[in-house]
Each structure stands twice: as C-alpha cells, then as structure tokens.
Amino acid sequence: MACIKPVTFGKSFLGRLSFGGDLLEELNGICAAQNIHLGRVEAIGAVRKARIGYYHQDTRAYEFHEFNEPMEIASLVGNVSIKDGKPFVHAHITLTNAAGAAFGGHLAPGTVVFAGEVLVQEFHGPALQRAFDETTGLPLWKME
Ligand code: ZN
C-alpha cells in the first residue's frame, strides 16, 4: 500500500529561467536560495539541448540520451525533498522537436535553457529524506 504524508501549502514563486543556464541547476538554485526543502516544481519553455535519463530496472543503471537540438519543454514536473542534507529537485521532462515528436525522461545535468517559465511551490510538512532503496536501487523517500 502507498505510504503518504500530509502537507500544506507554503509560499509559491513564479519566475523566469536564465538563458544558457543548466535547467536542473537553475531549479536546485531556486530551492537553495529560498530555503525550500519540500515542494513541487513545474516549468514550460525551450531548451538549446537536452540530456535525459532512462533507468534500466534490470541492470539498475541510468542510460542517458543527449539531444543536441533546440526543443520545446512541453512539460516539466518535479518535486523537492532532501538528499544528502540538501534540497534536491527530482524532475521529469517531456521535450518536443521541430516535427512535434516527443521524448522524455529523468531530467539530468546538461540540459541547457533557451527560455523557461517556472512555478515553484513550497510545502510545509514532514521532511522527506532520500535514502537508498534495496528493492529498486534508487534513492527513494524514507517513509516510516
Ligand atoms: Zn527520475
């Protein structure tokens, strides 16, 4: 059965991402600057190039795909929790190319912003810490 914790809304922030910035660094930077330890992020915009991951469940390793072309951020959704004692953004992204084809996966460092509009919403609630999960090999939330 799923394990859940109640949260309440804190502050919300709307903003513009930096041209040429690393998308994941920009999101982590907002959370660090605003001291957000728990929350959600969403964004739309465009990237100059992208790097996204696919987690192979059998080998427990990420494979990274690089897209060296301008693409639209059709959707980015993610959450903010604590990993290694710091705010950590985990985000997934859907990108579309000039033909309208979509690609997506786990947002990795190396995705470069062309333009981006972001919503960051802070939550108040129990601190969610990431820790190694034996079953999946992933750094999942400790929920006890
Ligand atoms: Zn992921």
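Below, the figures for the structure above:
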| item | result |
| --- | --- |
| Residue, nearest to the chain's Cα centre (by Cα), within region 25-74, restricted to residues that are within 16 Å of the ligand (Cβ to nearest atom) and among the acidic types (D, E) | E42 |
| Residues of region 119-141 satisfying the condition of being part of a loop (DSSP other than H, G, I, E, B), at pLDDT 95 or above and over 16 Å from the mean Cα position of the chain (by Cα) | G125, D133, E134, T135, T136, G137 |
| Odd one out for R60 among (1) on the phi > 0 side of the Ramachandran plot; (2) surrounded by 13 or more Cβ atoms within 10 Å (Cβ to Cβ) | (2) |
| Residue count for region 88-125, restricted to those that are within 16 Å of the ligand (Cβ to nearest atom) and hydrophobic (A, V, I, L, M, F, W, C) | 8 |
| Filter pass, P109 being modelled with pLDDT under 95, under 29 Å from N35 (Cα atoms) and of a type outside the set (G, A, S) | no |
| Qualifying residue in region 126-133 (condition: away from the ligand (no atom under 15 Å from the Cβ) and acidic (D, E)) | no |
| Checking A74 against (1) free of Cβ contacts under 8 Å to residues at least 40 places away in the same chain; (2) not in a strand (DSSP E or B); (3) not charged (D, E, K, R), the condition it does not meet | (2) |
| Candidates G116, G100, filtered to the one that is part of a strand (DSSP E or B) and small (G, A, S) | G116 |
| Residue within region 96-116 that is closer than 21 Å to G15 by Cα and touching a Cys at 6+ places or on another chain (Cβ under 7 Å) present | no |
| Selected residue (only one of F19, F9 is under 23 Å from M143 (Cβ atoms), modelled with pLDDT of 95 or more and either loosely packed, with under 14 Cβ neighbours inside 10 Å or of a type in the set (V, I, T) (or both)) | F9 |
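The values are calculated or read from the model by the stated rules, or taken from the named source; none is laboratory data. The structure presented is a predicted model; accordingly, all values stated were derived computationally and were not measured. Note that we place each Cβ from the backbone using ideal geometry, even for glycine, and neighbour counts take in every protein chain shown.
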